[in-house]
Every structure is written in C-alpha cells, then in structure tokens.
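Below is one structure; the comments refer to it alone.
The values are calculated or read from the model by the stated rules, or taken from the named source; none is laboratory data. As the structure is a prediction and not an experimental result, all values here were calculated from the model. Note that we place each Cβ from the backbone using ideal geometry, even for glycine, and neighbour counts take in every protein chain shown. Note: accessible area is taken over every heavy atom of the protein model, side chains too, but ligands, DNA and RNA are not part of it. Shrake-Rupley method; radii C 1.70, N 1.55, O 1.52, S 1.80 Å.
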Amino acid sequence: MFSASRLLAALCAASALLLTEAQSGASIIAGSPVSAVWPPANATDTALDIFFPDASEIGHPGATPTGDEAFAVQTAPSAPLKEDILPLIAPGGAQVVISDNATTPFDVARSWGNLSPYWSLGGAWGLPNTSEIIPAGCELTQAHLLHRHGARYPTSGGPPAVFASKIQAAANSTGFNATGPLAFLNTWTYELGAEYDLGVAFRVKYGNLLKGFTDLPVFRTTSERTLNFAAGFFGVPTYQTAYHQSIMIEDTGFFSSLAPWNSCPNANNAISSLGSLASANWTAVYLNDTVARLQPFIEGVTLDTATVMQMQMTCAYETEEWKGFEYAYDLSLWYGNGPGNPVTASLGAAWSAELLARLTQTPPTNFTATAMNGTLDGSNITFPLTQPLYVDATHDTVISTITTALNLTTMAAAGPLPVDRVQPNQTYFGNQVVPFGSNLIAQVMSCPTIASNSTTASSSSSYAPAAADSTTQYIRFLLNDGVVPLTGLAHCETPNSDGLCALTNFVQGLAERLAEIDFEFDCFANYSAPVPDLIVDGRMKK
C-alpha cells in the first residue's frame, strides 16, 4: 500500500521537477487547476451504441448468485501496491496469529489457493531486482490488462454450499449437534451469494496513457462478470459514458477468448477433470488424520476428507492442514487449467492471438485456429487495434490458460506436481498465479536500445545504446505486480535483467508459439491424457 513516506517522496520529486522547469524558463504550473479531461470532447458517438448492448440485452449471467455481505477478508480492497490484505475487520474479535514455528509467521490468507487475495509478488517469478515501475530511461506507450474479478460470492454448488446443505439436511432429519471448537456450527447460517478497487489502482498507474487518445476505449468482459473495474477507473457516476463495454457471451455454443472452454469439447469431458482428480487424491492424503480428530465434535453428519475440505473454507485448524489445503488447489489448477492439462494452451491461445493482433495492429482473420469470436473480433468497432490501453475481464482459470499459452516457463520450472506429497521445490502456486483480483499486464515501452549481450543485474545499468539516440520498442509481462521472464518464447529466451524483450522478437516468438498449438487436435481429437501426466506446457504430444 502507499505509505506517507512514499507519498512525500513523490511530492518532493514533483516539486524538484517544477523548480527545474521554473529555473529554465518553463511555464509555472504549480497549483494550476488544469487537468486532463475525460471523456475527451466529441468522443461520444451514440451511433456506435448499437454495437455495445448492455447486460440486460446480452443475458447469460451465469450461476454466481448474490447474497449477504461477504466475510471482511473477502472484500478487502486492492491498493496500488498490494503488500497485505489490510484493512480487515475480524468478525467476533481479534484475528489469531498462527505460526508454524517460533520465528516464521503463518499467514492463513495466503494458503487459500485461488481463493486468496492477491498481493504484489515482486521478484517471485525469478527476477528479484525488478518491480512494476517502468525502468529508468523508458517511456510507457501501451498497456494490456487481463484481470480476474475481486473477491466474490461462491459459485452455486461449490464446497461451502455443499457443506451447508449437509448440515441443513441433518438438522431437519436425524438432528445435528456440534461441540467444542466446532460449536459455532450450531448457529452458523450460509448466507453468501455469488472489483472496483483494481480499477482505481490501474488508473493511478496507467491512466496517463489515455492523454491524447480521442476515442472512447473498448473494455471487454464476459456475460458472467459486471465490469465494476470501470467504475473505479473512470469514477462514479460518469463512468458509464466514459468507455464502451463489450460483453462477450459466456455460454455453450458461443466463441469467446475470455471463456474459451465453451468451444472446446475436450475442456468439458474426462480430460477436464484431471485437476479435480489430482486434488481429490491429495485431499485423501493430507486430511486422513483430520477426519478422526474432528468427528467426535459433530453428531448427525459423518465426516470424510471431502467434507473436511469444505469445512476449511469456514475455519482454520492447524498450519499443516492449511498448507495441504493450498496444495490441493495448486494441483487442481496445474492439472485442470494449467501447464499439466493437454487442452490448456489451446484455451489460452485465443486471447494470445488477440494480443498479437493488437500489438501488430493487424486484424485477425483465422477464426478457426482458436476460440476467438469471429463476429466481435472481425470488427474494428468491437475489436479496435489502436488503443493505448486495453482491459479484459475474465476468470481465474482463463488467466492460467493464457500464462500457459504464453509458455511462461519459470512457473513450471520444477516440473509436474506430485499428487501424493507436496513438491519440495515447488514453483507453481495457485495463490500467486490466480488469486482474487489477479491481473496480468503487458507493458509496451520505448527504451534506449539494449545491447544484445546485456545481462546486468540492475535496471539502472542495463542499457547500452547501440547507436546515438537509438531507441527500441520492448514488451514485458507482470503477473500480480511481479515481472515474469519470457524465457519460454523463441527470440526472448535470454532474459534481460528488467524482463524486457524487443517487441519485434516477442511478436515473432508468439507467432511461432501459436503456430505450434493445434486447437483442432487439442480440443476435438479423441485421446486420453497420458499416465503419468508429465505435460508441462499445456500441449498433448501427438
């Protein structure tokens, strides 16, 4: 989060700049009320509204219901730099500090897999001296944001709802009674139904890109997600006229890069269950002893490992069990929608192909090679190619397919996750890849040309101009504020210390990666997943 000292430093830096301008004869602007105005004059063209129907016209809202306000930890705001999940109001008193030893604190909120709130990861992806701040000497020219919603209510039929149904069924038949540490269940009611702050943070970081842009940008979302991001980015109450919202239908029979599984049969059959099978196998291991420990405190419901895992979404017991819970989600993601599933790269190829089109300003034409929507992506109105800022709202599982399609290999460096034990050198964590509020950002920037052999350790010394006044367009990716090296793409294999890859090299490498992904085979061929499953790049080897 921003601190007072950080804000003071920023003000001092701004003051120094103004003083320098004043001394050099520049205009005095200190205290001026002049600011950028959005939307720009004459940008609103109501004739285009027909291309952007609202949610009531689109329909297909999905199965995430509404309900009472969620537990405080699930609604904690995202700050521009996310270092923790404060402020939180712990229900029923102060939060309990859990430690797995005398010196190392254990943060249970970071053990919830893809249910964890996101925090800024810094150098987690292998570039410890980087940050989301643009390297010195570079100028940001474009940003592409792909983000997951913030904390939401559980999906219908999810584990909390299933557990609540078991308790309710027992209470209305044989009777239910809980004692000891589980006594709170006697009066517990399930009232939860089914992203605004990310928009505020993104405006702080990237809003400057819209200066000079004279059209309204198109931001995209699926029909299962309302784009509350825009309310944070543009402000209430005028945000609804500040951009165009393109809603992509998320339902069976519709093509969409933001919900690609609806056009991929193999993403909806036995192959799609690899993640849940791996998670269930591990759940039977790490919760085996827990069942016997908790059963004496409950009458009316017979516990098993699946039921206890559902209970873990309600209350913490021991550190080791929460580490096991986290790993269960890691397994589910790796084998279900990550590097270990044979259809994952094909699912993420659609958005990756759209990114390639945006970067090259080349309209896509091959709509059979991915799950792209030919109607929307074939129009320069609903799929513009000249914006300095792109925003797409999607699901956690889609983000994980896209990181696989981009072949971000540092995540999979330790290889396949074993299903009977926690991987000791693990590099793939669901709470880092797709927590609540997860965001993948591609930063495009103009920098002094980097010498081809530059591998220095700090951004301040990593530039060696090839010629006087030589500049080059570069791109890099940040996942939850951590710079991700592009070592898995051809022509970007040698990591620059700032995670930069020349844009022309990236375009060539991404085109080659997309060419090797066979959407037709991966999604429609009749095959079984390999046993053991050693896939690490989301592709089935023919």
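Accessible area of LYS166, 1.4 Å probe, to the nearest 10 Å²?
Accessible area of LYS166: about 70 Å².
Ratio of Rg to Rh for the stretch 316-404, alpha carbon only, Kirkwood?
Here the Rg-to-Rh quotient is 1.15.
With r as the distance between the Cβ atoms of THR375 and PHE524 and R0 = 25 Å, compute the FRET efficiency 1/(1 + (r/R0)^6) and round to 0.05.
Numbers: r = 21 Å, r/R0 = 0.85.
With R0 = 25 Å, the Cβ-Cβ based efficiency is 0.75.
For a quick check: with amide H placed at 1.01 Å from N, whose amide H comes under 5 Å from THR141's, ignoring anything fewer than 5 positions away on the same chain?
Sorted by chain and number, the residues that satisfy this are VAL444, MET445, SER446.
Take ALA41 and THR179, extend 7 Å from each Cα along the Cα→Cβ direction, and tell me the distance between the two endpoints in nm.
The answer from the label model is 7.8 nm.
Quick check: with the 1.4 Å probe, what order do PHE367, PHE184 take by accessible area, largest first? The partial results should precede the final answer.
Values: PHE367 55, PHE184 80 Å².
Ranked list, largest accessible area first: PHE184, PHE367.
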